[in-house]
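**Q** So that we are looking at the same thing, I have put the structure below in structure tokens.
The values are calculated or read from the model by the stated rules, or taken from the named source; none is laboratory data. Keep in mind the model is a prediction, meaning the values are calculated, not measured. Accessible surface is based on the protein model in full, side chains and every heavy atom, while ligands, DNA and RNA are left aside. Shrake-Rupley method; radii C 1.70, N 1.55, O 1.52, S 1.80 Å.
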Amino acid sequence: RNVSTNYTLVQPTVTGTISQRAITLTANTRTTTYGTALNLGTSAYTLTGTLASTDSLTGVALKYNSSATVAATTNAGTYTNGIVASAATGTGGFNTTNYAITYVANTLTVNRAPIGITFSGDYSGSNTITPNSYTITGLKNGETLIPTAIAVTKIPDIPIEISTHTILVGRIIC
């Protein structure tokens, strides 16, 4: 007897949800010195979470003030959340719509640039020397510094009356 004629195959309806995979892309903290531009590139980030087996990241847009380069004229300081990550790219089938991406900004630190000063001047009898001539090295971005007085601390055991001696500059008054 042929039983297949007694049955009709009904395809079941399957309902499912394919969810985005959660990943976090965090910009790395970066440091530069005043007067030195810093290209942020696209690789200074940290991935938290895992990508699908064939996917790989090729880069993340990293910006400070909407620019991929921190300008040499950016003032010294700490800029919390100054480096912003966005716009991940990848290969191997990577598509941002397959991921729930959280982008996390991080800190930019711009250190003070060191300067040097060589001067000669008239000793006022206190801890101030009024400079007659001076040379300042290390200034950045075409800036100038014109001291009107320089507060000094004498090196211990060296009398301040000596005409040529080593001093520690404590403050430059402009």
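**Q** Search the structure for amide H atoms under 5 Å from the amide H of Gly90, placed 1.01 Å from N in the peptide plane, and list their residues when 5 or more places away or on another chain.
**A** Those lying under 5 Å, H to H, from Gly90 are Thr58.
**Q** How large is ³J(HN,Hα) for each residue in segment 35-46, as worked out from phi by the Karplus curve 6.51 cos²θ - 1.76 cosθ + 1.60 (θ = phi - 60°), to whole Hz, x for Gly and Pro?
**A** Computed from phi, the couplings for segment 35-46 are x, 10, 5, 10, 7, 6, x, 10, 10, 8, 9, 10 Hz.
**Q** Now, a different point. Apply the a/c threshold of 1.5 to the C-alpha gyration tensor of segment 10-113 and tell me whether it is rounded, prolate or oblate.
**A** Verdict is prolate for segment 10-113.
**Q** Can you compute 3J(HN,Hα) from phi for each residue in segment 93-102, using the Karplus curve 6.51 cos²θ - 1.76 cosθ + 1.60 with θ = phi - 60°, rounded to whole Hz and x for Gly and Pro?
**A** x, 4, 9, 4, 6, 7, 10, 8, 8, 9
**Q** Using heavy-atom solvent-accessible surface (probe 1.4 Å) with all chains present, what is the largest-first order of Ile23, Ile117?
**A** Reading off the accessible areas and sorting them downward yields Ile117, Ile23.
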